Amino acid sequence: MNNAHTLAPTCSKLTRFARERAFGLNGSAVHENAYITAQKNLYALKELLDTNPQLFHSTPGDQAGARGATTTEQEAWKAEQSSVTQMLSLLTRTIEAISFILLLIDHRWGELIAQCDPSVQKSLSEMTFEDLVTSKNGVTVSRALVNVVIDQQIGQQISVCPFRP
């Protein structure tokens, strides 16, 4: 699989709606396998970072022979730690967003979108995966889609959870 196919979820629109003006059973502009591959790769990265925290968690004085860190070095270290924390948060959110999209695909993504308000449909038709993960509008659209899934499951008297007692 080439890199362009693997990276497709981040740079293309989430749905085919904008191009086709119709919802298929899948409705996703990106093939499900691309999401699965990306999720596996991101999860492996997260496991690496979780099991090797020393890769990013050191102090300015940890280097051999280092004397007391200057104020500038301490500020740079704090900024670096903040950046790492934000990166790890984005990694987690991205893995969760891929899981969410895979859930939507399993629940017939196109049919779910068709049940959303026209404003949500319009937002979704213009949205990229990046928008879904990082924007306030992505949160709004995600909530609307969750509500549709819940309403659908209530209507069919089916649990959203795959595990039943």
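The values are calculated or read from the model by the stated rules, or taken from the named source; none is laboratory data. These numbers come from a predicted model, not from an experiment. All Cβ positions, even for glycine, are placed from backbone atoms using ideal geometry, and neighbour counts span all protein chains on display.
Scanning segment 97-123 for residues that are over 21 Å from residue 36 (Cβ atoms) and hydrophobic (A, V, I, L, M, F, W, C) gives 114, 116, 120.
Which one of 79, 69, 97, 64 is farther than 21 Å from residue 131 by Cα, among the small types (Gly, Ala, Ser) and modelled with pLDDT of 80 or more? Explain how you work it out, then say what you get.
Details: 69 fails: modelled with pLDDT of 80 or more; 97 fails: farther than 21 Å from residue 131 by Cα; 64 fails: modelled with pLDDT of 80 or more.
Every option except 79 fails the conditions.
Residues in segment 78-101 that are touching a residue at least 24 places away in the same chain (Cβ under 8 Å) and among the hydroxyl-bearing types (Ser, Thr, Tyr) were compared, and the one that is farthest from residue 52 (Cα to Cα) is 99. Could you go through segment 142-154 and let me know if any residue there is assigned to a helix (DSSP H, G or I), among the acidic types (Asp, Glu) and either out of contact with any strand residue (DSSP E or B) (no Cβ under 9 Å at 6 or more places or on another chain) or loosely packed, with under 15 Cβ neighbours inside 10 Å (or both). Looking for residues that are assigned to a helix (DSSP H, G or I), among the acidic types (Asp, Glu) and either out of contact with any strand residue (DSSP E or B) (no Cβ under 9 Å at 6 or more places or on another chain) or loosely packed, with under 15 Cβ neighbours inside 10 Å (or both), one finds at least one in segment 142-154, hence yes.
Of the residues making up segment 121-129, one or more are buried (at least 17 other Cβ atoms within 10 Å of the Cβ) and outside any helix (DSSP H, G or I).
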